[in-house]
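Q: A single structure is presented below for examination.
The values are calculated or read from the model by the stated rules, or taken from the named source; none is laboratory data. Since the model is a prediction, treat every value here as computed from it, not as a measurement. Ligands, DNA and RNA are stripped out before the accessible areas are found, and what is left, the full protein with its side chains, is counted by its heavy atoms. Shrake-Rupley method; radii C 1.70, N 1.55, O 1.52, S 1.80 Å.
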Amino acid sequence: MKKILGFTALLIMLANQSAKAQFTMHKLIHVGYVYQNQSFAELGGRLLFLENDDTIYRVGAAALLGSANGKFAVLPKIQGDILINFERNVDLYHSYYFLAGAEATTKYIAPKIGATLFGIIDLTGGYAFPIDNSGINGKELKGLNINFTLNLPLVMLNDLLKK
């Protein structure tokens, strides 16, 4: 019950914030590598929301693809990130952002922190807490979580394909 109330309060705060500010939304495709006590390839999509370039919000969904204990495995994943840059009105310093977020699968939840270059290349790390003790194919997914991701804006891909 506490989780439902907390989630509802979060949605109300986000709705209130979006009513005050007009956000711009960009669609991204992302590919990457995830180490979660096992190596996985990641493929998914994200939505990027920004009002100004100091704080950026991202939400996304992906599939983790890999082999665990010799068997192919697919894990669905949802994630949310906040990208922050404390420098204002200086374009050169906006090449990097600090990143904080969380990801959740059917097997673990992992808070994470890291950095991103232009919002395109992400490097994050965190710690995963297992939800399901059975793991995946008998392999428990807990502990150190490392992500390396390449985000590709759909507008950029569309422009490249037109040439």
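Q: Please go through the residue pairs 112/139; 27/139; 112/162; 27/71; 107/162 and name each one whose alpha carbons sit more than 30 Å apart in this structure.
A: 27/139; 112/162; 27/71; 107/162
Q: What list of ³J(HN,Hα) values in whole Hz, one per residue of segment 63-77 in order, does the Karplus curve 6.51 cos²θ - 1.76 cosθ + 1.60 (θ = phi - 60°) give from phi, with Gly and Pro shown as x?
A: Computed from phi, the couplings for segment 63-77 are 10, 9, 10, x, 10, 10, 6, x, 10, 5, 9, 10, 10, x, 9 Hz.
Q: When the Karplus curve 6.51 cos²θ - 1.76 cosθ + 1.60 is applied with θ = phi - 60°, which whole-Hz ³J(HN,Hα) does each residue of segment 110-127 get, with x for Gly and Pro?
A: Residue by residue, segment 110-127 yields 9, x, 8, 9, x, 9, 9, 9, 6, x, 9, 10, 10, 9, 10, x, x, 9 Hz.
Q: Continuing with the same structure: Taking amide H positions as placed in the peptide plane 1.01 Å from N, state which residues far from residue 119 in sequence (5 or more) or on other chains have amide H under 5 Å from it.
A: Amide H neighbours of residue 119, under 5 Å, 5+ apart: 97.
Q: Taking only protein heavy atoms and a 1.4 Å probe, what accessible area per residue, in Å², does segment 51-155 have with all protein chains in place?
A: 53
Q: Further question: Once the cut-off is 13 Å, how many percent of the Cα-Cα pairs in segment 18-71 end up in the long-distance tail?
A: Distances greater than 13 Å cover 66 percent of the Cα pairs.
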